[in-house]
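Working notes, beginning with the structure itself.
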Amino acid sequence: MKRLVLLGGGHAHVKVLDDLADQPLAGWDVHLVSPYRRQIYSGMLPGWIAGHYPIEACAIALDSLAARSAAALHETSVVALDLAHQAVQCADGSSLHFDALSIDTGPIPSLAALPGAAEHALSVRPIERFIAAWPGVVERVGGQCRRFDLVLLGAGAAGVELAFAIRHRANVEGWSHLYLTVVGSDDWPLPGAPAATRQKTADLMKERGIQWKGGQRATRVDEHRIAFEGRASLDFDACLVATGAAAPTWPTAAGLATDEQGFIRVGRTLQSVSHPMVFAAGDVA
């Protein structure tokens, strides 16, 4: 019997598991490797922040999905690939052989170019880490009456959506002392969007009491302070980072063909262009 290893519990693999539950893959033993027993649907995360949903409503239970599809669940993460021996090296010390490997692990936070961010700010990714830490921020905001400055670095779709969600939560909870600032390196939020959309977003942010600081490139995050290139520093009580995603280092280290940023290069069938027994989907590809 051949072995298919699904590396990561991303959206593509959720669909694969759902399909396998309805139609098993004859002659194949299926294994799922994921550090978590659930997959958070990132599109609902702002709704959880705003208070619209409990976190359970935003989660797909990977353990029950794997059980339905007769896939073995390994609650760990990948640290390396041994492509010569077709094996996945896991963080728990185990090694898992494969005949076919599918990778859907998602990206990692893009913090390498921002010294101090990992120590003094809270990144939106990995999502499970953010979910664990966010209630602590809420407790800090709600537990004091003096001004509380919350700064959100990153003005893409994720950062802007989170900002509106936080402002909604503040209005519901009565956090009149919360001052929310979104900082982006472009002059307007939502880089890449149509000009009218960017202007409308900036207008809505102003209308809802979200301060916008554009054209500012952060160079360092210290404890309670952000330094900028050619601009005055900005003090904060809490800082969230939603500045984009980076590729993990292990695909390139393993010898998989990757682009200049380290994301796995695939063809039309989602197969690796260098190793046809490896597939990749989602933000890691």
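The values are calculated or read from the model by the stated rules, or taken from the named source; none is laboratory data. Computed from a predicted model, the values in this text were never measured in an experiment. So basically every Cβ, Gly included, is an ideal-geometry build from the backbone, and we count neighbours across all protein chains shown. For accessibility, only protein heavy atoms count, side chains too; no ligands or nucleic acids. Shrake-Rupley method; radii C 1.70, N 1.55, O 1.52, S 1.80 Å.
Can you tell me which residue within segment 240-282, out of those that are under 18 Å from the mean Cα position of the chain (by Cα) and part of a strand (DSSP E or B), is nearest to L114 (Cα to Cα)?
V241
Within segment 96-114, does at least one residue satisfy the condition of being over 13 Å from L45 (Cα atoms), modelled with pLDDT under 95 and touching a Lys or Arg at 6+ places or on another chain (Cβ under 6 Å)?
Checking segment 96-114: at least one residue is over 13 Å from L45 (Cα atoms), modelled with pLDDT under 95 and touching a Lys or Arg at 6+ places or on another chain (Cβ under 6 Å).
Cβ-Cβ under 6 Å, sequence separation 6+ or interchain: first residue in segment 250-262 and farther than 14 Å from F279 by Cα, partner among the polar types (S, T, N, Q) and not in a loop (DSSP other than H, G, I, E, B). Which pairs?
Sorted first by the residue in segment 250-262, then by its partner, the pairs are T252/T258; G262/T252.
Only one of these is small (G, A, S) and over 18 Å from the mean Cα position of the chain (by Cα): A59, A71, A112. Name it.
Result: A71 is the single residue among A59, A71, A112 that is small (G, A, S) and over 18 Å from the mean Cα position of the chain (by Cα).
Run down R37, R3 and say which single residue is within 21 Å of G106 (Cα to Cα), at pLDDT 95 or above and open to solvent by 30 Å² or more (accessible area, probe 1.4 Å).
Every option except R37 fails the conditions.
Return the residue satisfying two criteria in turn: it lies in segment 82-141 and is part of a strand (DSSP E or B), open to solvent by less than 60 Å² (accessible area, probe 1.4 Å) and of a type in the set (A, V, I, L, M), and of such residues it is farthest from L17 (Cα to Cα).
Among those that are part of a strand (DSSP E or B), open to solvent by less than 60 Å² (accessible area, probe 1.4 Å) and of a type in the set (A, V, I, L, M), it is L122.
Inspect segment 153-161 for any residue being outside any loop (DSSP other than H, G, I, E, B), closer than 20 Å to S185 by Cα and free of Cβ contacts under 8 Å to residues at least 60 places away in the same chain and give the result as yes or no.
Yes, there is a match, as at least one residue in segment 153-161 is outside any loop (DSSP other than H, G, I, E, B), closer than 20 Å to S185 by Cα and free of Cβ contacts under 8 Å to residues at least 60 places away in the same chain.
In segment 66-79, what count of residues is obtained for those that are surrounded by fewer than 16 Cβ atoms within 10 Å (Cβ to Cβ) and under 24 Å from P107 (Cα atoms)?
3
Before we move on, is P54 farther than 17 Å from C90 by Cβ and crowded, with 19+ Cβ neighbours inside 10 Å?
For P54, the condition - farther than 17 Å from C90 by Cβ and crowded, with 19+ Cβ neighbours inside 10 Å - is not met.
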